[in-house]
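Notes for the one structure printed next.
The values are calculated or read from the model by the stated rules, or taken from the named source; none is laboratory data. Remember, it's a predicted structure, so these values are computed and weren't measured experimentally. Glycine also receives a Cβ, built like all others from the backbone with ideal geometry; neighbour counts cover every protein chain displayed. Each accessible area value is taken on the protein alone, full model and side chains, heavy atoms only, with ligands, DNA and RNA left out. Shrake-Rupley method; radii C 1.70, N 1.55, O 1.52, S 1.80 Å.
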Amino acid sequence: MVVDRRGMMRPVPTANPTPQGDSMAKRSRGVRLLVMLAAGLLSAATLAVCIVAGLYLYFGPQLPDAGDIGQTQLNEPLRIYTADHKLIGEYGTERRIPLTYDQIPRAQVYAFVAAEDDRFFKHPGVDYQGLARAVVHLITTGRKTQGGSTITMQLARNLYLTRDKTYTRKIKEMILALRLESKLSKQQIMELYLNKIYLGERAYGVGAAAKVYYNKPIDRLSLAQMAMIAGLPKAPSAFNPIANPERAKQRRDYVLDRMHALGFIDDAAYQSALKTPVSAGEDEERRDTNPVRYDARYVAEMVRQDMVARYGDSAYTGGYRVTTTLSSKRQEAADNALRKDLLAYDARHAWHGPEKHLDAATLDNDSALHDALDNMSERGGLVPAVVTATDGSNMQLVTAQYGRITIGASQMPWLSAGKNASQLAKRGDVVRLAYTGSKDQSKAWTLAEIPKVQGAMVAMNPHTGGIEALVGGFDYGLSKYNRAVQARRQPGSSFKPFLYSAALAHGFSAATLVNDAPVVYNTPGLDNSWRPQNYSGKIFGPTRLREGLVHSRNLVSIRVLRRIGVGNAIDWASRFGLPADQMPHNLSLALGSASFSPLQMAEGYSVFANEGFRVKPYYIQKITDGRGNVAFQAEPKVACDDTFDCPALADTAGPQDDSRLAERAIPADNAYIVGDMMRDVIKHGTGRGALKLGRNDLSGKTGTTNDQIDAWFVGFNSNLVAISWVGFDKLTPMGHAETGAHAALPMWVDFMRIALDGMPDATPKQPDDIQTVQIDPDSGQRSLGGGGIPEIFRPDEIPTVEQAKRSGKHDSANEVQQLF
């Protein structure tokens, strides 16, 4: 409207439009809109670039640069192996078995791609499509989503960032992911990811997960098992196939569905895998949260302490591999022999009673009963069991692993004939069962209990000092105290060979007569005199030195020690590696009142076994670091006179020269004669129980202390020294009959039966100057007129005919009495 000259409102006249003008107007408006849109997009792009550049400039310097990206050290646990490469220990917070990309099955790779990042092989580290979807979801719903995080971004987070869910962390992830992709190939990224990702149960990486969940190497897993592992990163606890098998199966099936949809698996494989039941923890090779296959935890702990002393906390993360000197066969034999021996001792003495009692509410609820059993650990091979009923001389029990078991009177050592099983345990009592190995399943189990008595066993190579077996107690889980190394116990008569060796060094021969007669020693300041006796309480009169050792005559040993002198005896025993400060400076030393560990005794007896050389015990053969480089290699000094004929030197690493030769401790003839006397201990003396092994190369000595507090057997051939010890941790008598021959020798015999199986006799070599002469067993002089018994002598002590004639003119007992 317009106002005319008269002030009236009039409509504005318009021109009639033409078709050409209308078209031009529309084009003009379109151009303007396109210009405005282009300007807007350019501005937005510029703004985005500025934002991205700003974020990169701000966060980039805070993150590793491209040169450092991908240079990561995987935390690998310390692993300890026997000499024949059986795993005995693993220490570290992270279980990891590193694998190369080529070692990982393609199906396992595809399973992770399907579950976590189906465009992994296409995107540059950041999946912009997925990221865009996540942004749209955030704008439209106001909620953050799990999507948009690629495998590369997850790896970046695991390597360099925290798990805090913030936008700042997400930005850093993207920057690092782009840097990773610029430095590493897709295969390298996937390899790092599959070795680094946490998969529950302290398992890091697919190699460890396969071992933990299925006790198999990864290349032996089924498709269903691989899919199960690939489903774990999202929520390792929630989808744990052992703790939550139903939820784990749902997640596994989702992974299989994605693999099928993406064409990674065909219909047949998909359908077959879906039908596979959850098998984690139920494989034919039973799962163990501690993947130790051989029980040598006392040695494993020794190695762990040694490694921490060498490398500090990095010992747990540096991927070190320690090869010990242990023989898996002999270690297992030692462990079994010790447990069998202690259980046999326990069965000879009073029943301790049940470990604890479960109430009726638990017994009547199957779920609660099984939960209670699951919380009880197997100890020393003994299975926990709950008594469900007793019926006369029968006992019915239930176990978590083996179900219901019934045992009869013959399977309960403490049940007297005609007595009721309820005298030992009643319904609800928790007891232990030992597996007998009997093929008759009705007799496969016996009632047992965790013994209170303890024991130790050591076996070592006398030529190198390498420890081939070591057990420090009945069960490491019950007591970490390593009695084989840490205990200082009186050796009793097992000390006598060192004393008799000292006697040979001070003019005695194996045929020297010593009077076995009562002695009384008065000690100033003490009211009571010391009146030592033989174990039997009997007196035997003039006794040859050999017989004194064979039959372990205490009175003979005391007179020998008095003759050579306590100081001289201690100095001589120190040559065997026995610490002088652990030996008393009085005549009780003759009866073994010193204090030594089983390992120290093994070191000492090795001198007799190896012809007189002192070798030092060791248990670490080799250490390699996480990259496979040898960080340490043992170079033990070996028992040889020279390097030209020395098998032990050839069997060990290091230079093959004189620097590797062990120090000679005693003359070879001395070592041989004492060893020969100890062969008679087994043939005719206190060690006769070893004759059942059917060997002629064994030497040994029993040891029993006052009141049977300690029981020992120490024995050897030229290739192996073995020590068995039994006793209570507190110095408590074990019982009148529990001597070295009864309490400790059976353990030694059971061990040697396995340790020497298939090996030929190996007796120490007889020195060339040792000669055998027939002697009169009563006088120890040369036998006249034939007959007599054989005895071995060094050249300068061979009895002559003249001496024999002279001895026949005197009363030998009086002659001995004057001398000793």
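If only residues of the stretch 213-250 that are in contact (Cβ under 8 Å) with a residue 24 or more places away in the chain and of a type in the set (Lys, Arg) are counted, the one that is most open to solvent (accessible area, probe 1.4 Å) is Lys234.
Within the stretch 359-395, which residues are among the small types (Gly, Ala, Ser) and under 25 Å from Gln454 (Cα atoms)? Before you say what the answer is, go through the steps one by one.
Of all residues in the stretch 359-395, those among the small types (Gly, Ala, Ser) come to 360-361, 367-368, 372, 377, 380-381, 385, 389, 392-393.
If the condition is that a residue be among the small types (Gly, Ala, Ser) and under 25 Å from Gln454 (Cα atoms), then Ser377, Gly380, Gly381, Ala385 are the ones that fit.
Out of curiosity, is Gly675 in contact with a Gly (Cβ under 9 Å, 6 or more places away or on another chain), among the small types (Gly, Ala, Ser) and open to solvent by less than 10 Å² (accessible area, probe 1.4 Å)? Walk me through it before giving the result.
Values: in contact with a Gly (Cβ under 9 Å, 6 or more places away or on another chain): no; among the small types (Gly, Ala, Ser): yes; open to solvent by less than 10 Å² (accessible area, probe 1.4 Å): yes.
So Gly675 fails the test.
Restricting attention to the stretch 630-670, the residues being modelled with pLDDT of 90 or more and more than 35 Å from the chain's Cα centre (by Cα) number 5.
Just to be sure before I move on: is Ala456 in a strand (DSSP E or B), closer than 30 Å to Ser588 by Cα and not basic (Lys, Arg) in the structure I sent? Write out each step before concluding.
Numbers: in a strand (DSSP E or B): yes; closer than 30 Å to Ser588 by Cα: yes; not basic (Lys, Arg): yes.
Yes, satisfied.
Residues of the stretch 486-514 that are open to solvent by 10 Å² or more (accessible area, probe 1.4 Å) and under 37 Å from the mean Cα position of the chain (by Cα): Gln486, Arg488, Arg489, Gln490, Ser493. For beta carbons closer than 7 Å, sequence separation of 6+ or different chains, a first residue in the stretch 99-115 that is aliphatic (A, V, I, L, M) and a second that is open to solvent by 30 Å² or more (accessible area, probe 1.4 Å), the qualifying pairs are Ala107/Leu223; Ala114/Arg258; Ala114/Leu262; Ala114/Phe264; Ala115/Arg258.
With respect to (1) modelled with pLDDT of 95 or more; (2) surrounded by fewer than 22 Cβ atoms within 10 Å (Cβ to Cβ); (3) part of a loop (DSSP other than H, G, I, E, B), the lone exception for His736 is condition (1).
Of the residues that sit in the stretch 584-619 and are among the aliphatic types (A, V, I, L, M) and open to solvent by 10 Å² or more (accessible area, probe 1.4 Å), which one is nearest to the chain's Cα centre (by Cα)? Full working, then the answer.
If we filter the stretch 584-619 for residues that are among the aliphatic types (A, V, I, L, M), which is where we start, we get 587, 589-591, 594, 599, 601-602, 607, 609, 615.
Next cut, open to solvent by 10 Å² or more (accessible area, probe 1.4 Å) only: 587, 591, 599.
Numbers: Leu587: 42, Leu591: 36, Leu599: 18 Å.
Ranking the qualifying residues of the stretch 584-619, first place goes to Leu599.
Against the criterion of being surrounded by fewer than 23 Cβ atoms within 10 Å (Cβ to Cβ) and either over 17 Å from Asp710 (Cβ atoms) or of a type in the set (Val, Ile, Thr) (or both), Ala469 does not qualify. A count restricted to the stretch 176-187 and to residues that are in contact with a helix residue (DSSP H, G or I) (Cβ under 7 Å, 6 or more places away or on another chain) and surrounded by fewer than 21 Cβ atoms within 10 Å (Cβ to Cβ) stands at 2.
Table: residues versus (1) at pLDDT below 95; (2) farther than 21 Å from Asp680 by Cα; (3) part of a helix (DSSP H, G or I); (4) in contact with a Ser or Thr (Cβ under 9 Å, 6 or more places away or on another chain).
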| site | (1), (2), (3), (4) |
| --- | --- |
| Asn515 | no, no, no, yes |
| Pro518 | yes, yes, no, no |
| Asn534 | yes, no, no, yes |
| Arg559 | no, yes, yes, no |
| Asn568 | no, yes, yes, no |
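You will find that of Val303, Val386, Val299, Val308, the residue that is surrounded by fewer than 21 Cβ atoms within 10 Å (Cβ to Cβ) and modelled with pLDDT of 95 or more is Val308 and no other.
Would you mind stating whether Gly380 is open to solvent by less than 30 Å² (accessible area, probe 1.4 Å), within 15 Å of Ala434 (Cα to Cα), without any contact (Cβ under 8 Å) to a residue 24 or more places away in the chain and not hydrophobic (A, V, I, L, M, F, W, C)? Taking the combined requirement at face value, the residue does not satisfy it.
With respect to Gly626, determine if the residue is of a type outside the set (Lys, Arg) and at positive phi. Answer is no for this residue.
Out of curiosity, is Arg794 under 29 Å from Lys452 (Cα atoms), open to solvent by 10 Å² or more (accessible area, probe 1.4 Å) and of a type in the set (Lys, Arg)? Give the derivation first.
Details: under 29 Å from Lys452 (Cα atoms): no; open to solvent by 10 Å² or more (accessible area, probe 1.4 Å): yes; of a type in the set (Lys, Arg): yes.
Answer is no for this residue.
When the stretch 546-557 is filtered for residues that are open to solvent by 20 Å² or more (accessible area, probe 1.4 Å) and assigned to a helix (DSSP H, G or I), the ones remaining, listed by number, are Glu547, Asn554.
Give the stretch 745-763 a look and list any residue that's in contact (Cβ under 8 Å) with a residue 12 or more places away in the chain, open to solvent by 30 Å² or more (accessible area, probe 1.4 Å) and within 15 Å of Lys692 (Cα to Cα), or say none. Step through it out loud before you land on a result.
So the first thing to find is which residues in the stretch 745-763 are in contact (Cβ under 8 Å) with a residue 12 or more places away in the chain, and the list is 745-756, 759, 761-763.
Subset that is open to solvent by 30 Å² or more (accessible area, probe 1.4 Å): 746, 750, 753-754, 759, 761, 763.
If the condition is that a residue be in contact (Cβ under 8 Å) with a residue 12 or more places away in the chain, open to solvent by 30 Å² or more (accessible area, probe 1.4 Å) and within 15 Å of Lys692 (Cα to Cα), then Pro746, Asp750, Arg753, Ile754, Asp761 are the ones that fit.
Among residues of the stretch 418-433 that are under 17 Å from Asp371 (Cα atoms), those with a Cβ under 6 angstrom from a residue that is among the hydrophobic types (A, V, I, L, M, F, W, C) and part of a loop (DSSP other than H, G, I, E, B), sequence gap 6+ or separate chain, pair up as Gly428/Leu358; Val431/Ala425. Report yes if some residue within the stretch 393-416 is surrounded by 19 or more Cβ atoms within 10 Å (Cβ to Cβ) and in contact with a Pro (Cβ under 6 Å, 6 or more places away or on another chain); otherwise report no. Within the stretch 393-416, none of the residues are surrounded by 19 or more Cβ atoms within 10 Å (Cβ to Cβ) and in contact with a Pro (Cβ under 6 Å, 6 or more places away or on another chain). Residues in the stretch 611-636 that are in contact with a helix residue (DSSP H, G or I) (Cβ under 8 Å, 6 or more places away or on another chain) and in a loop (DSSP other than H, G, I, E, B): Glu611, Gly612, Val615, Lys616, Pro617, Tyr619, Glu635, Pro636.
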